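Shown next, in structure tokens, is the structure this report addresses.
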Amino acid sequence: MATQAQETLITTPAPLTKKLGAWLYDSLICAAIWIIFILFSSSIAGIIIGEQGFKDNPDILAGNIFYQYAPLLLVAIYIVGTHVRFGQTVGMSAWKIMLVQDNGRPVTFKQALPRAVLSLLGIGMLFSPFNKKRLGWHDMLTHTRVVALPDKEKKKKS
């Protein structure tokens with residue numbers, strides 16, 4: 001038997017404003033991941049190659065496939081990992097929304113990975129106000145949805 005909180009979690013679609021707020025928060029986190037990677041990898045490359053190596057070939061890191069795609073991999077690990085493990089990213093937690101399957105169960109890796117790729121730049125969620133269930137096109141394709149978590153009632157001091 002489902003409790004009232006579970007029913008609310010499963011049936012209440014998150015409004016676009018909350019989705020956009022969470023997207024903004026998470027984009028800042030993703031930018032921080034990217035910057036930290038560049039700082040550390042550049043420092044390590046500087047130690048390995050040396051100052052003269054950078055002077056001789058200033059574009060040495062720009063042509064390196066690892067250096068180009070590793071930040072994307074780290075961001076994908078953050079997005080997919082938090083969706084699978086917790087059902088929400090840090091931004092989603094702040095805005096009290098959660099990603100679930102259509103049936104209300106936790107999202108699987110097989111759903112989270114394609115959803116992360118399809119929801120690149122958050123464009124898909126802009127379609128959510130135009131359908132009855134408030135689903136972005138990436139949610140429709142992966143059979144997931146973003147739901148609003150119920151507000152916890154404040155306990156009165158006696």
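The values are calculated or read from the model by the stated rules, or taken from the named source; none is laboratory data. These numbers were taken from a predicted model, which means no experiment stands behind them. In this analysis, Cβ positions are derived from the backbone assuming ideal geometry, glycine residues included, and neighbour counts consider all displayed protein chains.
Got at least one residue in the stretch 115-130 being touching a Gly at 6+ places or on another chain (Cβ under 9 Å), among the β-branched types (V, I, T) and farther than 20 Å from C30 by Cα? Within the stretch 115-130, none of the residues are touching a Gly at 6+ places or on another chain (Cβ under 9 Å), among the β-branched types (V, I, T) and farther than 20 Å from C30 by Cα.
Of the residues making up the stretch 127-150, those that are assigned to a helix (DSSP H, G or I) and in contact (Cβ under 8 Å) with a residue 40 or more places away in the chain are S128, P129.
In the stretch 21-56, how many residues are modelled with pLDDT of 85 or more and among the polar types (S, T, N, Q)? The number of residues fulfilling the criteria is 1. For the stretch 78-98, the set of residues classified as in a loop (DSSP other than H, G, I, E, B) and hydrophobic (A, V, I, L, M, F, W, C) consists of W95 only. Select from the stretch 102-158 the residues that are crowded, with 16+ Cβ neighbours inside 10 Å, out of contact with any Pro (no Cβ under 8 Å at 6 or more places or on another chain) and more than 18 Å from L20 (Cβ to Cβ) and list them in ascending order. Once the filter is applied, which keeps residues that are crowded, with 16+ Cβ neighbours inside 10 Å, out of contact with any Pro (no Cβ under 8 Å at 6 or more places or on another chain) and more than 18 Å from L20 (Cβ to Cβ), the stretch 102-158 yields V107, Q111, A112, L113, M140.
Selection of first residues in the stretch 1-30 that are under 23 Å from S128 (Cα atoms) and outside any loop (DSSP other than H, G, I, E, B) and of second residues that are among the aromatic types (F, W, Y) and at pLDDT 65 or above, restricted to Cβ pairs under 6 Å at least 6 apart or on distinct chains, gives the following pairs, ordered by first then second residue: K18/W95; G21/W95; A22/W95.
Restricting G91, G122, G81 to residues that are of a type in the set (G, A, S) and at positive phi narrows the list to G122.
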